[in-house]
């Protein structure tokens, strides 16, 4: 082999190794030394799964595909739009969630507060893709959909709720408390004047037994509709990975951000993008 060919072969081998390392980044646990900041950085990017966006009747599905495991099963996020939202309003945000190997069923309705359309989207997903779905289900949504995610959780019997700037006063209300085992992660933004934490936090607390509430700094009400959702979008992905990742080791690392005793992993206002954190005693007693 002449020197030129040898250099080319060596370069290709290095490139292949680099690509392999990148593709396997999510196969390894985040370094404990990185703590919350490390988890936050990981969740700012996409996961290992490719995503197919599929239109259904009254719903849109984001279906992950794991090339490293063709037999993989995926836990489910059920999504409700904010008032006036359409099937495309949150498509970039939901695609990014699905890339972390989570199946998403999004109700297309612009009025998701009752949770009924979210339940229909979930049932449609189960009917169409039941053979690749796992057993764990979270409901989530923005604004009216955030309030509706509590109502949908009761209708579906979900394991968890991840509400984003939930309006629980004007466009909808939480009809009844959640079952005591349902884990709630409620996300707010410091410059949100339409569904601020100050006017809605109490309703979330009254409806849930186990809850962690996180407020991102410097963002308004429409941050989740812009591309990948800004800082609140990153925390939203963190919450989804924690609650719904089909890799137990990765899920456990991210769960430390929201559940269990305070550690270097726990979401904290020491991070520049986080302005407020409130975890109740049940959240701190919940196993990561």
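Bear in mind these aren't lab numbers, they're just calculated from the coordinates by the rules spelled out. In this text, all values refer to a predicted model and were calculated from it rather than measured experimentally. Every residue, glycine among them, receives a Cβ derived from its backbone with ideal geometry; neighbour counts consider all protein chains shown.
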### Message
With the alpha-carbon atoms as the only input, what is the per residue convex hull volume for segment 108-197 in Å³?
### Response
96 Å³
### Message
In Å and on Cα atoms, what radius of gyration and Dmax does the chain show?
### Response
19.3, 75
### Summary
Contact order relative to length for the chain, counting C-alpha pairs under 8 Å separated by 6 or more residues, stands in percent at 16 percent
### Query
What is segment 142-288's relative contact order, in percent, from Cα pairs under 8 angstrom and six or more apart in sequence?
20 percent
### Summary
In a Gaussian network model of the chain with springs linking alpha carbons closer than 10 Å, the residue among 82, 145, 157 that fluctuates most is 157
### Message
Taking the Cα centroid of segment 135-149 and of segment 189-239, what is the distance between the two, rounded to the nearest whole Å?
### Response
12 Å
### Query
So, by mean Cβ neighbours within 10 angstrom, what's the order for 133-142, 199-208, 46-55 with the highest one leading?
133-142, 199-208, 46-55
### Query
In the chain, what percentage of the DSSP-assigned beta bridges are antiparallel, given to the nearest 5?
35 percent
### Message
Which of the three applies to segment 142-275, rounded, prolate or oblate, going by the alpha-carbon gyration tensor with a ≥ b ≥ c and a/c under 1.5 meaning rounded?
### Response
oblate
### Message
With the cut-off at 1.5 for a/c, could you classify segment 29-83 from its C-alpha gyration tensor as rounded, prolate or oblate?
### Response
oblate
### Message
Pairs of alpha-carbon atoms within less than 8 angstrom and 6+ residues apart define the contacts here; what relative contact order does segment 164-206 have, in percent?
### Response
52 percent
### Task
Quickly rank 35-44, 266-275, 146-155, 279-288 as a protection proxy: mean count of other C-beta atoms within 10 Å, highest first.
146-155, 35-44, 266-275, 279-288
### Message
Using a Debye calculation, one point per C-alpha and no hydration shell, please list log10 I(q)/I(0) for segment 210-288 at q = 0.14 Å⁻¹ in order.
### Response
-0.46
